[in-house]
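Comments concern the structure below.
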Amino acid sequence: MVDLGFDGKVAIVTGAGGGLGREHSLLLAGRGALVVVNDVGGAVDGTGGDAGPGQLVVDEIKAAGGEAVLDTNSVATPEGGAAIVQTALDTFGRVDIVVNNAGILRDKSFHNLTPDLVDPVIDVHLRGAFYVTQPAWVHMREQAYGRVIVTASSAGIFGNFGQANYGAAKMGLVGLAHVLAQEGERYNIKANAVAPIAGTRMTREVFGDELADMLTPGLVSPVVAWLAHEDCPVSGHTYSVGGGRVARVFVGEGPGYMRTDAPLTIEDVRDHFDEIERTDDFSIMRNATDELRVVAKLLR
Ligand code: NAI
């Protein structure tokens, strides 16, 4: 088996000035991709800005013989997203890969959340993926090639106390990847999600030093790179990735209960709740139409 390369492919990695994005950029560039290292260089809560961290990553890539360019636009506005994609086009002439990785945290229990804690988190994670991916998507469709990766989180997929804003945005990204997988299929554009577990400045305090040191962010990047590669066989999938472990996370639907002889009543729901709750036998739908077919078949 030959090693996987990205020669000539142009990748945008958002939030690439540190943590996971830095590692994704180093790996992609090390395998021959031309990388737009995007980062505003702010604090974990999204305040402030500094071109320094992103520039360091660009310098590191170049010192290793790779090609990269710095972009300091924010993903959180449509103008910023368009400018990031423009940097790729102006510098490298195309865009093949978008790794939506930029992120911030403004944790607070739900009853204490205020708009200034909710809006910026949704803007960077969820809207940011729209703002960066959409202008790239136009080119991906035209060239009939593209790879999109979104960065989800267990905080949304499974839930995590104090992260309603973040969890909602992160699960929204899973939905985005599902739809992009459908819309990109005809154009050889694939969209997948990763839910990382990595010791970065964002998580070190929660994980503690010992665990954070073992969960090195570089152990997430091989999965991102595989999903960004032309040989990637899947679209619309999500993977939990951390510490060298990789596992598919999926939305399954149980066999359910169906009443066909009379209209469903509230008592039916109560009396058949064990059946409704069953997860021992499940289906993974390829898309919403597949599920509609299941219901339609039962009705006929
Ligand atoms: P990090 O804080 O080191 O990296 C996030 C980067 O995004 C920072 O360099 C920051 O400057 C940049 N950024 C923030 N707002 C931006 C904006 N508007 N435009 C451009 N860049 C912006 O944290 P980490 O852990 O590397 O996070 C990377 C991604 O992985 C985030 O989306 C995070 O939510 C996600 N994630 C991380 C987990 C972990 O265990 N570290 C767990 C689940 C998800």
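The values are calculated or read from the model by the stated rules, or taken from the named source; none is laboratory data. A quick note: this is a predicted structure, and the numbers were derived from the prediction, not measured. Every residue, glycine among them, receives a Cβ derived from its backbone with ideal geometry; neighbour counts consider all protein chains shown. Please note that ligands, DNA and RNA were not included when accessible areas were found on the heavy atoms of the full protein model with its side chains. Shrake-Rupley method; radii C 1.70, N 1.55, O 1.52, S 1.80 Å.
Across the range 26-41, the qualifying residues are those that are touching a Ser or Thr at 6+ places or on another chain (Cβ under 9 Å), open to solvent by less than 20 Å² (accessible area, probe 1.4 Å) and more than 8 Å from the ligand (Cβ to nearest atom), and the one among them that is nearest to Asp107 (Cα to Cα) is Val37. Of all residues in the range 88-101, at least one satisfies being open to solvent by less than 70 Å² (accessible area, probe 1.4 Å), small (Gly, Ala, Ser) and touching a residue at least 60 places away in the same chain (Cβ under 8 Å). Going residue by residue through the range 202-220, is there one that turns out to be away from the ligand (no atom under 15 Å from the Cβ) and within 17 Å of the chain's Cα centre (by Cα)? No, there is no match, as no residue in the range 202-220 is away from the ligand (no atom under 15 Å from the Cβ) and within 17 Å of the chain's Cα centre (by Cα). Of the residues Thr216, Thr200, Thr260, the single one that is open to solvent by 80 Å² or more (accessible area, probe 1.4 Å) and touching a helix residue (DSSP H, G or I) at 6+ places or on another chain (Cβ under 9 Å) is Thr260. For the range 224-237, the set of residues classified as open to solvent by 20 Å² or more (accessible area, probe 1.4 Å), within 19 Å of Ala33 (Cα to Cα) and either in contact with a strand residue (DSSP E or B) (Cβ under 7 Å, 6 or more places away or on another chain) or in a loop (DSSP other than H, G, I, E, B) (or both) consists of Glu230, Asp231, listed by residue number. Looking only at residues in the range 282-300 that are farther than 12 Å from His178 by Cβ and open to solvent by 80 Å² or more (accessible area, probe 1.4 Å), which one is nearest to the chain's Cα centre (by Cα)? Ranking the candidates gives Phe282 first.
Among the residues of the range 131-155, count how many are among the small types (Gly, Ala, Ser), within 14 Å of the ligand (Cβ to nearest atom) and either open to solvent by less than 20 Å² (accessible area, probe 1.4 Å) or free of Cβ contacts under 8 Å to residues at least 12 places away in the same chain (or both).
As a first pass, look at the range 131-155 and keep what is among the small types (Gly, Ala, Ser): 136, 144, 146, 152-155.
Those left that are additionally within 14 Å of the ligand (Cβ to nearest atom): 152-155.
This time we only want the ones that are either open to solvent by less than 20 Å² (accessible area, probe 1.4 Å) or free of Cβ contacts under 8 Å to residues at least 12 places away in the same chain (or both), so: 152-153, 155.
Within the range 131-155, residues that are among the small types (Gly, Ala, Ser), within 14 Å of the ligand (Cβ to nearest atom) and either open to solvent by less than 20 Å² (accessible area, probe 1.4 Å) or free of Cβ contacts under 8 Å to residues at least 12 places away in the same chain (or both) number 3.
For the range 42-68, taking the residues that are outside any loop (DSSP other than H, G, I, E, B), more than 13 Å from the ligand (Cβ to nearest atom) and open to solvent by 30 Å² or more (accessible area, probe 1.4 Å), the one that is nearest to Arg94 (Cα to Cα) is identified as Glu67. The numbered conditions (1) under 30 Å from Trp137 (Cα atoms); (2) open to solvent by less than 70 Å² (accessible area, probe 1.4 Å); (3) more than 24 Å from the chain's Cα centre (by Cα) are all true for Ile276 except (1). From the residues in the range 177-197 that are open to solvent by 20 Å² or more (accessible area, probe 1.4 Å) and within 24 Å of Arg22 (Cα to Cα), which one is farthest from the ligand (Cβ to nearest atom)? Among those that are open to solvent by 20 Å² or more (accessible area, probe 1.4 Å) and within 24 Å of Arg22 (Cα to Cα), it is Lys190.
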